[in-house]
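Colleague: One structure follows; several queries about it will come next.
The values are calculated or read from the model by the stated rules, or taken from the named source; none is laboratory data. Worth saying up front: this structure is predicted, and the values here are computed from it rather than measured. Cβ: placed from backbone, ideal geometry, glycine included. Neighbour counts: every protein chain shown. Ligands, DNA and RNA are stripped out before the accessible areas are found, and what is left, the full protein with its side chains, is counted by its heavy atoms. Shrake-Rupley method; radii C 1.70, N 1.55, O 1.52, S 1.80 Å.
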Amino acid sequence: MTDRLYYHDSFLYDFEAEVNEVLDTPRPALILDRTAFYPTSGGQVFDTGWITTNADAKFKVTEVADTEDGRVIHYLEATKDLNPGDLKPGTRIRGQIDAARRRDHMQQHSGQHVLSAAFIRLYNVPTVSFHMADDYCSIDLDTPTLTQQQIESAERLANEIILENRPVNIRFVTREEAGKLGLRKLPVADRDELRIIDIRDWDLSACGGTHVAQTGQIASVLLRKAEKVRQGWRVEFVAGQRAVSTARRDFTTLTDTAALFSAHIYDVPQQAQKSLDEVRSWRKQWEHSQEELAAAHASALLAETPEINGRRIVVQTLSDREMNFVKLLAQKITRLSPSAIALLATTSPQPSLVFAQSAGQPFDMGALMKETMANLGGRGGGSKDLAQGGLTSADGIADTLTSLAAKLGV
Ligand SMILES: [Zn+2]
(Lines give C-alpha, C1' and ligand atoms only; values in the text may rest on other atoms or scores of the structure.)
Protein backbone atom coordinates (compact mmCIF):
# COMPACT_ATOMS: atom_id res chain seq x y z
CA MET A 1 0.00 0.00 0.00
CA THR A 2 1.33 3.43 -0.90
CA ASP A 3 1.29 5.96 1.97
CA ARG A 4 -0.98 8.73 0.68
CA LEU A 5 0.34 12.06 1.95
CA TYR A 6 -2.54 14.00 0.40
CA TYR A 7 -4.92 12.25 2.81
CA HIS A 8 -3.61 14.50 5.58
CA ASP A 9 -2.53 17.62 3.71
CA SER A 10 -4.00 18.78 0.39
CA PHE A 11 -1.51 21.67 0.25
CA LEU A 12 1.58 19.46 0.30
CA TYR A 13 3.01 20.14 -3.16
CA ASP A 14 6.60 19.01 -2.52
CA PHE A 15 7.69 15.72 -0.91
CA GLU A 16 10.44 13.12 -0.74
CA ALA A 17 9.98 9.40 -1.26
CA GLU A 18 11.72 6.21 -2.29
CA VAL A 19 11.17 4.20 -5.46
CA ASN A 20 9.58 0.84 -4.60
CA GLU A 21 9.12 -0.52 -8.06
CA VAL A 22 9.83 0.41 -11.68
CA LEU A 23 7.05 -0.94 -13.87
CA ASP A 24 7.60 -2.30 -17.33
CA THR A 25 4.29 -1.16 -18.80
CA PRO A 26 3.90 0.26 -22.33
CA ARG A 27 4.37 3.60 -20.56
CA PRO A 28 7.20 3.83 -18.03
CA ALA A 29 5.83 4.02 -14.49
CA LEU A 30 6.94 4.15 -10.85
CA ILE A 31 5.53 3.01 -7.56
CA LEU A 32 6.79 4.96 -4.52
CA ASP A 33 6.65 4.18 -0.81
CA ARG A 34 4.70 7.42 -0.25
CA THR A 35 3.17 10.04 -2.50
CA ALA A 36 1.39 13.38 -2.54
CA PHE A 37 0.20 12.75 -6.12
CA TYR A 38 -3.56 12.22 -6.35
CA PRO A 39 -4.67 9.29 -8.55
CA THR A 40 -7.95 9.54 -10.49
CA SER A 41 -10.83 8.42 -8.29
CA GLY A 42 -14.17 9.51 -6.89
CA GLY A 43 -14.83 11.81 -9.85
CA GLN A 44 -11.63 13.81 -9.29
CA VAL A 45 -8.94 13.58 -11.94
CA PHE A 46 -5.23 12.91 -11.32
CA ASP A 47 -2.46 15.33 -10.46
CA THR A 48 0.49 15.97 -12.72
CA GLY A 49 3.94 17.24 -11.80
CA TRP A 50 7.56 16.19 -11.71
CA ILE A 51 9.79 13.56 -10.10
CA THR A 52 13.46 14.47 -9.66
CA THR A 53 16.34 12.22 -8.61
CA ASN A 54 19.49 13.21 -6.71
CA ALA A 55 21.32 12.79 -9.99
CA ASP A 56 19.22 15.68 -11.28
CA ALA A 57 17.18 13.61 -13.71
CA LYS A 58 13.76 15.26 -13.92
CA PHE A 59 10.77 13.28 -15.16
CA LYS A 60 7.35 14.61 -16.01
CA VAL A 61 4.47 12.82 -14.26
CA THR A 62 1.77 12.63 -16.95
CA GLU A 63 -0.86 10.50 -15.21
CA VAL A 64 -1.47 8.96 -11.80
CA ALA A 65 -3.71 5.96 -11.17
CA ASP A 66 -4.80 3.58 -8.41
CA THR A 67 -4.04 -0.12 -8.55
CA GLU A 68 -6.57 -2.64 -7.32
CA ASP A 69 -4.34 -3.53 -4.35
CA GLY A 70 -4.09 0.03 -3.02
CA ARG A 71 -0.88 1.27 -4.63
CA VAL A 72 -0.45 4.45 -6.65
CA ILE A 73 1.13 4.30 -10.12
CA HIS A 74 2.96 7.36 -11.47
CA TYR A 75 3.24 7.32 -15.25
CA LEU A 76 6.30 9.18 -16.49
CA GLU A 77 7.18 10.75 -19.79
CA ALA A 78 10.21 9.14 -21.41
CA THR A 79 12.47 11.44 -23.40
CA LYS A 80 15.39 10.89 -25.75
CA ASP A 81 17.93 11.33 -22.96
CA LEU A 82 15.96 10.14 -19.96
CA ASN A 83 14.44 6.73 -19.48
CA PRO A 84 12.58 6.12 -16.21
CA GLY A 85 13.42 2.46 -16.71
CA ASP A 86 16.96 3.38 -15.61
CA LEU A 87 15.68 4.16 -12.10
CA LYS A 88 16.19 1.42 -9.52
CA PRO A 89 14.11 0.43 -6.49
CA GLY A 90 15.55 2.25 -3.48
CA THR A 91 16.32 5.47 -5.42
CA ARG A 92 15.44 8.59 -3.40
CA ILE A 93 13.29 11.02 -5.32
CA ARG A 94 11.67 14.40 -4.87
CA GLY A 95 8.08 14.78 -6.04
CA GLN A 96 6.55 18.10 -7.03
CA ILE A 97 2.86 18.54 -7.74
CA ASP A 98 1.65 20.95 -10.41
CA ALA A 99 0.18 23.30 -7.80
CA ALA A 100 -2.03 25.31 -10.17
CA ARG A 101 -3.72 22.15 -11.41
CA ARG A 102 -4.13 20.79 -7.86
CA ARG A 103 -5.61 24.11 -6.62
CA ASP A 104 -8.10 24.04 -9.49
CA HIS A 105 -9.11 20.46 -8.61
CA MET A 106 -9.48 21.36 -4.92
CA GLN A 107 -11.73 24.29 -5.86
CA GLN A 108 -13.92 22.15 -8.12
CA HIS A 109 -14.14 19.22 -5.72
CA SER A 110 -14.76 21.30 -2.59
CA GLY A 111 -17.24 23.42 -4.55
CA GLN A 112 -19.06 20.20 -5.35
CA HIS A 113 -19.36 19.28 -1.63
CA VAL A 114 -20.79 22.72 -0.82
CA LEU A 115 -23.17 22.64 -3.78
CA SER A 116 -24.38 19.07 -3.20
CA ALA A 117 -25.12 19.96 0.42
CA ALA A 118 -27.07 23.03 -0.75
CA PHE A 119 -29.31 20.84 -2.94
CA ILE A 120 -29.91 18.54 0.06
CA ARG A 121 -30.63 21.38 2.49
CA LEU A 122 -32.95 23.24 0.16
CA TYR A 123 -34.77 20.47 -1.69
CA ASN A 124 -33.62 17.17 -0.13
CA VAL A 125 -32.19 16.23 -3.54
CA PRO A 126 -29.16 13.91 -3.26
CA THR A 127 -26.15 13.91 -5.56
CA VAL A 128 -25.54 10.46 -7.05
CA SER A 129 -22.37 11.18 -9.01
CA PHE A 130 -19.71 13.79 -9.67
CA HIS A 131 -17.70 14.23 -12.83
CA MET A 132 -14.71 16.50 -13.38
CA ALA A 133 -13.77 17.39 -16.96
CA ASP A 134 -11.03 19.68 -18.25
CA ASP A 135 -13.24 22.74 -18.55
CA TYR A 136 -16.31 22.07 -16.43
CA CYS A 137 -17.69 19.72 -13.75
CA SER A 138 -21.07 18.15 -13.30
CA ILE A 139 -23.17 16.47 -10.65
CA ASP A 140 -26.06 14.11 -11.26
CA LEU A 141 -29.00 14.82 -8.98
CA ASP A 142 -31.58 12.18 -8.07
CA THR A 143 -34.72 14.16 -8.79
CA PRO A 144 -37.49 13.91 -11.41
CA THR A 145 -37.74 17.72 -11.73
CA LEU A 146 -35.44 20.69 -11.37
CA THR A 147 -36.47 24.27 -12.01
CA GLN A 148 -34.35 27.26 -12.98
CA GLN A 149 -35.40 28.90 -9.71
CA GLN A 150 -34.10 25.89 -7.71
CA ILE A 151 -30.80 26.03 -9.58
CA GLU A 152 -30.37 29.72 -8.85
CA SER A 153 -31.29 29.29 -5.17
CA ALA A 154 -28.79 26.44 -4.72
CA GLU A 155 -26.12 28.53 -6.45
CA ARG A 156 -26.83 31.50 -4.19
CA LEU A 157 -26.76 29.42 -1.00
CA ALA A 158 -23.53 27.63 -2.02
CA ASN A 159 -21.85 30.99 -2.64
CA GLU A 160 -22.99 32.27 0.76
CA ILE A 161 -21.37 29.26 2.44
CA ILE A 162 -18.20 29.94 0.42
CA LEU A 163 -18.25 33.57 1.51
CA GLU A 164 -18.60 32.57 5.17
CA ASN A 165 -15.15 30.97 4.86
CA ARG A 166 -16.06 27.93 6.92
CA PRO A 167 -13.23 25.59 7.98
CA VAL A 168 -12.91 22.32 6.04
CA ASN A 169 -11.43 19.60 8.24
CA ILE A 170 -10.24 16.08 7.53
CA ARG A 171 -11.23 13.46 10.12
CA PHE A 172 -10.70 9.72 10.29
CA VAL A 173 -13.48 7.73 11.96
CA THR A 174 -14.59 4.10 12.19
CA ARG A 175 -17.48 2.95 10.06
CA GLU A 176 -19.55 2.61 13.22
CA GLU A 177 -18.81 6.20 14.27
CA ALA A 178 -19.55 7.37 10.74
CA GLY A 179 -22.97 5.76 10.92
CA LYS A 180 -23.83 7.98 13.91
CA LEU A 181 -22.49 11.19 12.34
CA GLY A 182 -25.20 11.42 9.69
CA LEU A 183 -22.98 11.61 6.62
CA ARG A 184 -24.43 13.04 3.42
CA LYS A 185 -23.00 10.03 1.62
CA LEU A 186 -21.69 6.79 3.08
CA PRO A 187 -19.32 4.87 0.80
CA VAL A 188 -20.16 1.31 -0.21
CA ALA A 189 -16.60 0.02 0.27
CA ASP A 190 -16.21 -2.11 3.40
CA ARG A 191 -13.23 -0.23 4.83
CA ASP A 192 -13.05 0.02 8.63
CA GLU A 193 -11.60 3.50 8.74
CA LEU A 194 -13.34 6.28 6.83
CA ARG A 195 -11.92 9.64 5.82
CA ILE A 196 -14.48 12.34 6.47
CA ILE A 197 -14.47 15.81 4.95
CA ASP A 198 -16.13 18.11 7.45
CA ILE A 199 -17.30 21.52 6.27
CA ARG A 200 -18.22 23.06 9.59
CA ASP A 201 -21.95 22.86 10.31
CA TRP A 202 -22.63 22.36 6.62
CA ASP A 203 -21.55 19.01 5.19
CA LEU A 204 -20.06 15.69 6.29
CA SER A 205 -18.96 13.36 3.51
CA ALA A 206 -16.73 10.33 3.30
CA CYS A 207 -14.27 11.24 0.55
CA GLY A 208 -10.68 10.46 -0.46
CA GLY A 209 -10.18 13.57 -2.60
CA THR A 210 -8.21 16.76 -2.10
CA HIS A 211 -10.10 19.75 -0.69
CA VAL A 212 -9.49 23.34 0.32
CA ALA A 213 -8.86 24.19 4.02
CA GLN A 214 -11.53 26.89 4.16
CA THR A 215 -14.57 27.40 1.93
CA GLY A 216 -13.37 30.90 0.97
CA GLN A 217 -10.61 29.23 -1.06
CA ILE A 218 -13.29 27.86 -3.42
CA ALA A 219 -13.89 31.54 -4.33
CA SER A 220 -17.23 30.91 -6.11
CA VAL A 221 -19.40 28.39 -7.88
CA LEU A 222 -21.25 29.18 -11.08
CA LEU A 223 -24.00 26.82 -12.26
CA ARG A 224 -24.43 26.51 -15.98
CA LYS A 225 -26.22 23.91 -18.09
CA ALA A 226 -28.86 21.68 -16.48
CA GLU A 227 -30.29 18.79 -18.46
CA LYS A 228 -32.59 15.86 -17.86
CA VAL A 229 -30.69 12.59 -17.90
CA ARG A 230 -31.91 9.04 -17.60
CA GLN A 231 -31.87 8.92 -13.81
CA GLY A 232 -32.46 12.53 -12.86
CA TRP A 233 -30.87 15.87 -13.67
CA ARG A 234 -27.28 16.69 -14.61
CA VAL A 235 -26.07 20.12 -13.51
CA GLU A 236 -22.84 21.55 -14.87
CA PHE A 237 -20.85 23.95 -12.74
CA VAL A 238 -17.49 25.65 -12.51
CA ALA A 239 -15.74 26.83 -9.35
CA GLY A 240 -12.85 29.13 -8.46
CA GLN A 241 -10.73 30.53 -11.26
CA ARG A 242 -12.70 28.37 -13.70
CA ALA A 243 -15.84 30.33 -12.82
CA VAL A 244 -14.04 33.56 -13.69
CA SER A 245 -12.52 32.27 -16.93
CA THR A 246 -15.86 30.73 -17.98
CA ALA A 247 -17.71 33.99 -17.24
CA ARG A 248 -15.01 35.86 -19.17
CA ARG A 249 -15.46 33.55 -22.17
CA ASP A 250 -19.26 33.81 -22.00
CA PHE A 251 -19.02 37.60 -21.90
CA THR A 252 -16.64 37.71 -24.88
CA THR A 253 -18.95 35.45 -26.87
CA LEU A 254 -21.95 37.58 -26.00
CA THR A 255 -20.10 40.83 -26.76
CA ASP A 256 -18.99 39.52 -30.17
CA THR A 257 -22.56 38.44 -30.92
CA ALA A 258 -24.00 41.78 -29.79
CA ALA A 259 -21.53 43.57 -32.08
CA LEU A 260 -22.95 41.63 -35.06
CA PHE A 261 -26.36 43.11 -34.27
CA SER A 262 -24.98 46.51 -33.17
CA ALA A 263 -26.95 45.89 -29.98
CA HIS A 264 -26.44 45.87 -26.23
CA ILE A 265 -25.59 42.38 -24.93
CA TYR A 266 -28.89 42.14 -23.05
CA ASP A 267 -30.82 42.83 -26.26
CA VAL A 268 -29.18 39.94 -28.15
CA PRO A 269 -32.09 37.47 -27.71
CA GLN A 270 -34.67 39.94 -29.10
CA GLN A 271 -32.34 40.95 -31.92
CA ALA A 272 -31.62 37.33 -32.82
CA GLN A 273 -35.35 36.55 -32.78
CA LYS A 274 -36.07 39.55 -35.03
CA SER A 275 -33.37 38.46 -37.50
CA LEU A 276 -34.64 34.87 -37.56
CA ASP A 277 -38.19 36.07 -38.22
CA GLU A 278 -36.88 38.21 -41.08
CA VAL A 279 -34.89 35.33 -42.55
CA ARG A 280 -37.97 33.07 -42.44
CA SER A 281 -40.09 35.72 -44.13
CA TRP A 282 -37.47 36.38 -46.82
CA ARG A 283 -37.05 32.66 -47.43
CA LYS A 284 -40.79 32.24 -47.94
CA GLN A 285 -40.87 35.10 -50.44
CA TRP A 286 -37.76 33.80 -52.15
CA GLU A 287 -39.23 30.30 -52.52
CA HIS A 288 -42.39 31.79 -53.97
CA SER A 289 -40.34 33.80 -56.47
CA GLN A 290 -38.35 30.72 -57.43
CA GLU A 291 -41.60 28.87 -58.14
CA GLU A 292 -42.87 31.71 -60.33
CA LEU A 293 -39.56 32.05 -62.12
CA ALA A 294 -39.35 28.30 -62.80
CA ALA A 295 -42.93 28.22 -64.10
CA ALA A 296 -42.32 31.17 -66.46
CA HIS A 297 -39.01 29.69 -67.63
CA ALA A 298 -40.69 26.30 -68.21
CA SER A 299 -43.47 27.88 -70.31
CA ALA A 300 -40.96 29.76 -72.43
CA LEU A 301 -38.81 26.66 -72.99
CA LEU A 302 -41.84 24.54 -73.96
CA ALA A 303 -43.05 27.28 -76.33
CA GLU A 304 -39.76 27.30 -78.20
CA THR A 305 -39.43 23.49 -78.31
CA PRO A 306 -41.25 21.91 -81.27
CA GLU A 307 -43.11 18.62 -80.77
CA ILE A 308 -41.39 15.88 -82.76
CA ASN A 309 -42.81 12.34 -82.95
CA GLY A 310 -45.31 13.35 -80.24
CA ARG A 311 -42.61 14.52 -77.76
CA ARG A 312 -41.08 17.82 -76.67
CA ILE A 313 -37.49 17.28 -75.67
CA VAL A 314 -36.32 20.35 -73.74
CA VAL A 315 -32.55 20.66 -73.55
CA GLN A 316 -31.17 23.48 -71.41
CA THR A 317 -27.82 24.19 -69.71
CA LEU A 318 -27.97 26.89 -67.04
CA SER A 319 -25.26 28.57 -65.02
CA ASP A 320 -25.35 30.07 -61.52
CA ARG A 321 -28.33 27.96 -60.57
CA GLU A 322 -28.62 25.59 -57.61
CA MET A 323 -29.62 22.01 -58.30
CA ASN A 324 -32.92 22.68 -56.46
CA PHE A 325 -33.93 25.30 -59.02
CA VAL A 326 -33.06 22.96 -61.90
CA LYS A 327 -35.24 20.27 -60.33
CA LEU A 328 -38.05 22.75 -59.88
CA LEU A 329 -37.73 23.73 -63.55
CA ALA A 330 -37.83 20.06 -64.63
CA GLN A 331 -40.97 19.48 -62.54
CA LYS A 332 -42.70 22.53 -64.04
CA ILE A 333 -41.83 21.44 -67.61
CA THR A 334 -43.09 17.88 -67.15
CA ARG A 335 -46.29 19.08 -65.42
CA LEU A 336 -47.10 21.83 -67.93
CA SER A 337 -46.84 19.42 -70.84
CA PRO A 338 -48.01 15.76 -70.90
CA SER A 339 -45.36 14.83 -73.49
CA ALA A 340 -42.21 16.53 -72.20
CA ILE A 341 -38.72 15.18 -71.63
CA ALA A 342 -36.47 17.61 -69.76
CA LEU A 343 -32.69 17.19 -70.05
CA LEU A 344 -31.35 19.99 -67.88
CA ALA A 345 -28.01 20.95 -66.42
CA THR A 346 -26.37 23.62 -64.33
CA THR A 347 -22.65 24.31 -64.68
CA SER A 348 -22.25 26.27 -61.43
CA PRO A 349 -21.99 26.52 -58.47
CA GLN A 350 -22.01 22.70 -58.58
CA PRO A 351 -22.13 21.01 -62.03
CA SER A 352 -25.28 18.88 -61.95
CA LEU A 353 -27.76 17.17 -64.28
CA VAL A 354 -31.52 16.69 -63.92
CA PHE A 355 -33.53 14.40 -66.21
CA ALA A 356 -37.32 14.25 -66.05
CA GLN A 357 -40.24 13.02 -68.14
CA SER A 358 -44.00 13.68 -68.00
CA ALA A 359 -45.98 10.93 -66.31
CA GLY A 360 -46.71 8.10 -68.76
CA GLN A 361 -43.65 8.64 -70.97
CA PRO A 362 -41.81 5.38 -71.69
CA PHE A 363 -38.19 6.07 -70.72
CA ASP A 364 -36.35 5.34 -67.47
CA MET A 365 -34.69 8.55 -66.26
CA GLY A 366 -32.98 6.84 -63.31
CA ALA A 367 -31.25 4.32 -65.58
CA LEU A 368 -30.39 7.02 -68.12
CA MET A 369 -28.82 9.14 -65.37
CA LYS A 370 -26.75 6.23 -64.04
CA GLU A 371 -25.46 5.48 -67.52
CA THR A 372 -24.66 9.15 -68.19
CA MET A 373 -22.90 9.53 -64.84
CA ALA A 374 -20.82 6.43 -65.53
CA ASN A 375 -19.66 8.06 -68.78
CA LEU A 376 -18.96 11.46 -67.23
CA GLY A 377 -17.42 10.20 -64.01
CA GLY A 378 -20.09 11.47 -61.60
CA ARG A 379 -22.66 10.01 -59.24
CA GLY A 380 -26.41 10.01 -59.55
CA GLY A 381 -29.69 8.19 -60.04
CA GLY A 382 -33.37 8.49 -59.34
CA SER A 383 -36.80 7.19 -60.25
CA LYS A 384 -38.36 6.40 -63.61
CA ASP A 385 -39.64 9.96 -64.07
CA LEU A 386 -37.06 12.10 -62.22
CA ALA A 387 -33.31 11.68 -61.71
CA GLN A 388 -30.39 13.83 -60.70
CA GLY A 389 -26.62 13.59 -60.67
CA GLY A 390 -23.58 15.59 -59.61
CA LEU A 391 -20.29 16.10 -61.45
CA THR A 392 -16.93 17.48 -60.46
CA SER A 393 -16.47 19.30 -63.79
CA ALA A 394 -18.85 21.06 -66.19
CA ASP A 395 -16.81 19.96 -69.23
CA GLY A 396 -18.84 18.25 -71.94
CA ILE A 397 -22.22 18.74 -70.24
CA ALA A 398 -23.88 20.59 -73.15
CA ASP A 399 -22.65 18.06 -75.75
CA THR A 400 -23.84 15.17 -73.61
CA LEU A 401 -27.36 16.63 -73.35
CA THR A 402 -27.54 17.26 -77.11
CA SER A 403 -26.54 13.70 -77.99
CA LEU A 404 -28.97 12.27 -75.41
CA ALA A 405 -31.77 14.37 -76.90
CA ALA A 406 -30.95 13.02 -80.37
CA LYS A 407 -30.99 9.46 -79.02
CA LEU A 408 -34.35 9.86 -77.25
CA GLY A 409 -35.90 11.76 -80.17
CA VAL A 410 -35.52 8.89 -82.66
ZN1 LIG B 1 -14.52 15.20 -1.82
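Colleague: With charges only on Cβ, +1 for K and R and -1 for D and E, what is the dipole size of segment 30-100 about its Cα centre, in debye, rounded to 20?
Modeller: That gives a dipole near 280 debye.
Colleague: How much net charge surrounds residue 22 when only other residues with a Cβ under 11 Å from its Cβ are counted (Lys, Arg +1; Asp, Glu -1)?
Modeller: The answer is -2.
Colleague: With axes computed from alpha carbons, what is the tilt in degrees of helix 99-123 against the longest principal axis of the chain, rounded to the nearest 10 within 0 to 90?
Modeller: 80 degrees
Colleague: Averaged per residue, what accessible surface does the chain expose to a 1.4 Å probe, in Å²?
Modeller: For the chain, the per-residue accessible area is 53 Å².
Colleague: Using the alpha-carbon atoms, what tilt in degrees (0 to 90, nearest 10) does helix 397-409 show relative to the longest principal axis of the chain?
Modeller: It works out to around 50 degrees.
Colleague: With a ≥ b ≥ c taken as the square roots of the eigenvalues of the C-alpha gyration tensor of segment 356-410, please select rounded if a/c is under 1.5 and otherwise prolate if a/b is larger than b/c or oblate if it is not?
Modeller: Cα axes put segment 356-410 in the oblate bin.
Colleague: Where does the chain land at 222 nm, in deg cm²/dmol rounded to the nearest 500, when only DSSP H runs of n ≥ 4 count, each adding -39500 (n - 2.57), divided by all residues?
Modeller: Theoretical 222 nm ellipticity from helices: -12000 deg cm²/dmol.
Colleague: Also, quick follow-up: Taking the 0 to 90 degree range and rounding to the nearest ten, how far is the long axis of helix 268-303 tilted relative to the main principal axis of the chain, both from C-alpha atoms?
Modeller: Between helix and principal axis, roughly 20 degrees.
Colleague: Roughly how many whole Å is it from the C-alpha centroid of segment 78-148 to that of segment 296-327?
Modeller: Each part reduced to its Cα centre gives a spacing of 67 Å.
Colleague: Can you tell me the convex hull volume per residue for segment 309-410, based on C-alpha atoms, in Å³ to the nearest whole number?
Modeller: Value for segment 309-410: 79 Å³ per residue.
Colleague: List the pair-distance distribution P(r) of the chain, using every Cα-Cα distance, as the percent of pairs falling in each 20 Å bin from 0 up to the bin containing the longest distance, rounded to whole percents.
Modeller: All Cα pairs considered, the percentages come to 20, 29, 20, 24, 6, 0.
Colleague: State the Cα centre-to-centre distance between segment 1-60 and segment 254-280 in whole Å.
Modeller: 51 Å
Colleague: Rounded to the nearest percent, how much of the accessible area of the chain (1.4 Å probe, protein heavy atoms only) is carbon and sulfur?
Modeller: In the chain, the share of accessible area belonging to carbon and sulfur is 50 percent.
Colleague: Related question: Rg and Dmax of segment 163-254, using alpha carbons, in Å: what are they?
Modeller: Every Cα atom of segment 163-254 included, Rg and Dmax give 16.7, 53 Å.
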